[in-house]
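**Q** Please read through the structure below; I'll follow up with questions.
The values are calculated or read from the model by the stated rules, or taken from the named source; none is laboratory data. Since the model is a prediction, treat every value here as computed from it, not as a measurement. Note: ideal-geometry Cβ built from the backbone for every residue, glycine included; neighbour counts use all protein chains shown. We work out accessible area using only protein heavy atoms, side chains counted, and drop any ligands, DNA or RNA first. Shrake-Rupley method; radii C 1.70, N 1.55, O 1.52, S 1.80 Å.
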Amino acid sequence: MLGHWRRHLAAVIQDETMTFTRVDSLTPQPPRRGAEALLEILASEGVDYIFGNPGTTELPLIDALLREPNIHYVFGLQESSVVAMADGYAQASGKVGFVNLHTSGGLGHGMGCLLSAQVSQTPLVVTAGQQDQRHMVTDPLLFDDLVGIATPATKWAKEVTSARQLPIMVRRAFHDAEAAPQGPVFLSLPMDVMEGMTDIDIGHKSRIYRRATAQGLPELAEDLAAVAPGKLALIAGDEIRTSQAAEDVVKVAELLGTPVFGSSWPLCMPFPTDHSLWQGNLPGTAAQIAQMLSDYDAVLALGGNSLVTILYSEGAAIPSNCKVYQLSDSVTNLGRIYSTYLSMVGDIKASLTALIPLIEQQLTTAQRTGNTARIATFRRHRADQRILLTQQVVEQWSSPVISPLVAAHEVMKAIGPSVPIIDEAVATSRYIKALMNRNAAAQYAFIRGGTLGWGMPAAVGTSLGIGREPVVSLVGDGAALYSPQCLWTAAREQLPVTFIVMNNREYNVLKNFMRQQKDYVSAQSNEFIAMDIEPAIDYQALATAMGVPARRIDKASDIAEAVATAIRSGKPNLIEIAIRPE
């Protein structure tokens, strides 16, 4: 990748002319430690935060930070939380998150959330301190093959062996983390590299335009306009948020009068959930997806793999009679799982901007009239769905223990339309998604990577990524125990994050799956091993120990005011809501 980098050349783009300068010929700078040079590079790349947990091998960097006031060190107590905080920050800010971990042990602690970032395609530059190279041959304490450990969870992993390599290696890391498909990269930083003196010129950040417009758009417009009325579906993938293309997707959907489905296991809601054409997220098995798409002759998939299957079922998710059209900024996403009738590589926003006038040229007056009428039908159907959901809330309101639907309804009522939600509460997530009625896309994030313990620290990072504004973290009682250390960071940073623990005191999702397996002994006996959280966890005491005030809610009528008050406080806090299993 980028062979000129491998030949130790630095590329500088000025206007539209690319010039190359040998690193060795750059103007020498006053000698300083490698850690100081690293911070200079980070500052030039626009880094505001380093997310980390320090150890001995990171001390040169920690010391150098005293002389770099514009980069703030976000102190996490455990590396899994550190990586997830950076993940949330990167997703919310649209910038690359920078992580600094402690040797092999710290990297190991962070691997779960690093794998989650890889699946979510979050742009991260992850670093870890390494032992001094001068005694690696003696197998010193804390030494291990960091590159080998990180490689499976990253786009690539390398070790910096000289301070003079820092400008090229670090800038390459930032470039490749942002390049499609986005994702984490890893650099190992030996202690002697960070302590060693260097006069290297760090150069400057490259200006790179990545919004390429896809080819084949006239053919796509013609094909989409030719699909029979009511027989085209649009699948809105997570890539829409990265491209900031929600408004363009709305325009395409309205022109074609097509229903819009979200990914079966989404990272975000990339389409306004209050729009008449929004149909919610696809289900989680291939058979269920195929059934939902069986009435359509064609689907337009915007983004990478949005048909994520969770449990196995027979058959393919795409019906055999359904043509697939796909647009993604990464060629590796196209035709990867399902054969496509037409696939295009390009930035979604740039490509849809060019596609919209082409579709307008193809549509007849009769098609436009029919599409408008179809949108009105969807609008009435959405209104009916919301009335039915409200009726269910009323029916369940008097339950002795709060139902998940009622809890979700009251929480959403209090949160309102603009506060971002980071959701890792599987017990209520389907209701949260159904109740969402927002006119702006990308204000909701879900546990796309599937690694528990992501949500709470991701909410901390999200608040930092949006200028320390309020965020709500929804988390299950089980997931809350994977990374509660982030509560301490929220308190330390005084971030306005409201953590809401949906507590049913069991692994209810796993129990329900086992109950569906009629040949399981558990299903027949209603006995389950390692599924009940007993003795009960005192989440209020846990939060208090981390410096975060907390309260417990047992009555549905208390939920909305408690949540609204917590958000208005502008401070970190935790609310535990006792809900019944379903």
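**Q** Out of the residues in the range 147-162 that are among the aliphatic types (A, V, I, L, M) and surrounded by fewer than 24 Cβ atoms within 10 Å (Cβ to Cβ), state the one that is farthest from the chain's Cα centre (by Cα). Give the steps one after another, and end with the answer.
**A** So in the range 147-162, the residues among the aliphatic types (A, V, I, L, M) come out as 147, 149-150, 153, 157, 160.
Now drop any that are not surrounded by fewer than 24 Cβ atoms within 10 Å (Cβ to Cβ), which leaves 147, 149, 153, 157, 160.
Numbers: 147: 24, 149: 23, 153: 15, 157: 21, 160: 28 Å.
Per the stated criteria, the residue is 160.
**Q** Restricting to the range 217-235, give me the number of residues that are open to solvent by less than 30 Å² (accessible area, probe 1.4 Å) and either assigned to a helix (DSSP H, G or I) or more than 21 Å from residue 372 (Cβ to Cβ) (or both).
**A** The qualifying residues number 6.
**Q** Out of the range 43-53, which residues are part of a loop (DSSP other than H, G, I, E, B) and either in contact with a Leu (Cβ under 7 Å, 6 or more places away or on another chain) or crowded, with 18+ Cβ neighbours inside 10 Å (or both)? I'd like the intermediate steps shown before the answer.
**A** Step one: list which residues in the range 43-53 are part of a loop (DSSP other than H, G, I, E, B), which gives 45-48, 53.
Of everything in the range 43-53, those that are part of a loop (DSSP other than H, G, I, E, B) and either in contact with a Leu (Cβ under 7 Å, 6 or more places away or on another chain) or crowded, with 18+ Cβ neighbours inside 10 Å (or both) turn out to be 45, 47, 53.
**Q** Among the residues in the range 77-95, are any surrounded by fewer than 24 Cβ atoms within 10 Å (Cβ to Cβ), in contact (Cβ under 8 Å) with a residue 12 or more places away in the chain, farther than 30 Å from residue 307 by Cβ and among the β-branched types (Val, Ile, Thr)?
**A** So far as the range 77-95 goes, no, none of its residues is surrounded by fewer than 24 Cβ atoms within 10 Å (Cβ to Cβ), in contact (Cβ under 8 Å) with a residue 12 or more places away in the chain, farther than 30 Å from residue 307 by Cβ and among the β-branched types (Val, Ile, Thr).
**Q** Another one. Which of the residues spanning the range 311-335 are in a loop (DSSP other than H, G, I, E, B), open to solvent by 70 Å² or more (accessible area, probe 1.4 Å) and more than 16 Å from residue 223 (Cβ to Cβ)? Even if it seems obvious, please write down each step before you answer.
**A** Let us first name the residues in the range 311-335 that are in a loop (DSSP other than H, G, I, E, B), namely 311-322, 329-330, 334-335.
Narrowing further to those that are open to solvent by 70 Å² or more (accessible area, probe 1.4 Å): 311-312, 314, 320-321.
Result: 311, 312, 314, 320.
**Q** Any residue in the range 305-323 that's over 10 Å from residue 285 (Cβ atoms) and assigned by the TED database to the domain that holds residue 338: show its pairings with residues that are open to solvent by 90 Å² or more (accessible area, probe 1.4 Å) and part of a loop (DSSP other than H, G, I, E, B) at Cβ separation under 6 Å, as long as the two are six or more apart or on different chains.
**A** Hits for this filter: 323/341.
**Q** Could we say that residue 121 is open to solvent by 40 Å² or more (accessible area, probe 1.4 Å) and in contact with a Gly (Cβ under 6 Å, 6 or more places away or on another chain) here?
**A** On the way: open to solvent by 40 Å² or more (accessible area, probe 1.4 Å): yes; in contact with a Gly (Cβ under 6 Å, 6 or more places away or on another chain): yes.
Yes; evaluated as a whole, the condition is true for this residue.
**Q** May I pose another question? If a residue must be over 26 Å from residue 72 (Cβ atoms) and touching a Ser or Thr at 6+ places or on another chain (Cβ under 6 Å), how many such residues does the range 116-146 contain?
**A** Result for the range 116-146: 2.
**Q** Being in a loop (DSSP other than H, G, I, E, B), in contact with a Pro (Cβ under 6 Å, 6 or more places away or on another chain) and crowded, with 20+ Cβ neighbours inside 10 Å narrows it down to one residue among 202, 240; which is it? So that I can check it myself, show each step before the final result.
**A** Values: 240 fails: in a loop (DSSP other than H, G, I, E, B).
Selected residue: 202, the only one of 202, 240 that is in a loop (DSSP other than H, G, I, E, B), in contact with a Pro (Cβ under 6 Å, 6 or more places away or on another chain) and crowded, with 20+ Cβ neighbours inside 10 Å.
**Q** Regarding the range 336-349, can at least one residue be identified that is open to solvent by 20 Å² or more (accessible area, probe 1.4 Å), over 30 Å from residue 513 (Cα atoms) and part of a helix (DSSP H, G or I)?
**A** Narrowing the range 336-349 to residues open to solvent by 20 Å² or more (accessible area, probe 1.4 Å): 336-343, 345, 349.
Now drop any that are not over 30 Å from residue 513 (Cα atoms), which leaves 339-343, 345, 349.
From the residues that got through so far, the ones that are part of a helix (DSSP H, G or I) too are 349.
Yes, the range 336-349 has at least one match.
**Q** What's the number of the only condition in (1) over 20 Å from the mean Cα position of the chain (by Cα); (2) of a type in the set (Gly, Ala, Ser); (3) under 14 Å from residue 85 (Cα atoms) that residue 408 fails to meet?
**A** Going through the list (1) over 20 Å from the mean Cα position of the chain (by Cα); (2) of a type in the set (Gly, Ala, Ser); (3) under 14 Å from residue 85 (Cα atoms), residue 408 breaks only (3).
**Q** Could I ask something else about it? If the Cβ limit is 8 Å and pairs must be 6+ apart or interchain, which residue in the range 516-528 that is free of Cβ contacts under 8 Å to residues at least 60 places away in the same chain and farther than 15 Å from residue 506 by Cα pairs with which residue that is outside any loop (DSSP other than H, G, I, E, B) and open to solvent by 100 Å² or more (accessible area, probe 1.4 Å)?
**A** Close Cβ pairs (under 8 Å, with a partner that is outside any loop (DSSP other than H, G, I, E, B) and open to solvent by 100 Å² or more (accessible area, probe 1.4 Å)) amount to 518/524; 523/516.
**Q** Let me ask you something else. Here is a check on your reading of the model: is residue 360 in contact with a helix residue (DSSP H, G or I) (Cβ under 8 Å, 6 or more places away or on another chain), surrounded by fewer than 17 Cβ atoms within 10 Å (Cβ to Cβ) and acidic (Asp, Glu)? Full working, then the answer.
**A** Numbers: in contact with a helix residue (DSSP H, G or I) (Cβ under 8 Å, 6 or more places away or on another chain): yes; surrounded by fewer than 17 Cβ atoms within 10 Å (Cβ to Cβ): yes; acidic (Asp, Glu): yes.
Judged against the criteria, residue 360 is a match.
**Q** For the range 247-267, does any single residue satisfy the condition of being assigned to a loop (DSSP other than H, G, I, E, B), under 24 Å from the mean Cα position of the chain (by Cα) and charged (D, E, K, R)?
**A** First, the residues of the range 247-267 that are assigned to a loop (DSSP other than H, G, I, E, B): 257-259, 263-267.
After this cut, where a residue has to be under 24 Å from the mean Cα position of the chain (by Cα) as well, the list is 263-267.
After this cut, where a residue has to be charged (D, E, K, R) as well, the list is none.
No; the residues of the range 247-267 include none that is assigned to a loop (DSSP other than H, G, I, E, B), under 24 Å from the mean Cα position of the chain (by Cα) and charged (D, E, K, R).
**Q** Please find, within the range 23-42, the residue that is most open to solvent (accessible area, probe 1.4 Å) out of those that are touching a helix residue (DSSP H, G or I) at 6+ places or on another chain (Cβ under 7 Å) and without any contact (Cβ under 8 Å) to a residue 40 or more places away in the chain.
**A** 36
**Q** If you check residue 133 against the conditions, is it on the phi > 0 side of the Ramachandran plot and either open to solvent by 10 Å² or more (accessible area, probe 1.4 Å) or over 24 Å from the mean Cα position of the chain (by Cα) (or both)?
**A** Details: on the phi > 0 side of the Ramachandran plot: no; either open to solvent by 10 Å² or more (accessible area, probe 1.4 Å) or over 24 Å from the mean Cα position of the chain (by Cα) (or both): yes.
In short, no.
**Q** Can you work out which of the residues in the range 446-475 that are among the small types (Gly, Ala, Ser), open to solvent by 10 Å² or more (accessible area, probe 1.4 Å) and closer than 20 Å to residue 269 by Cα is nearest to the chain's Cα centre (by Cα)? Show your work before the answer.
**A** Restricting attention to the range 446-475, the residues satisfying the condition of being among the small types (Gly, Ala, Ser) are 449-450, 453, 455, 458-459, 461, 463, 465, 467, 473.
Filter again for open to solvent by 10 Å² or more (accessible area, probe 1.4 Å), leaving 449-450, 465, 467.
Subset that is closer than 20 Å to residue 269 by Cα: 449-450, 465.
On the way: 449: 8, 450: 11, 465: 13 Å.
Filtering the range 446-475 for residues that are among the small types (Gly, Ala, Ser), open to solvent by 10 Å² or more (accessible area, probe 1.4 Å) and closer than 20 Å to residue 269 by Cα, the one nearest to the chain's Cα centre (by Cα) comes out as 449.
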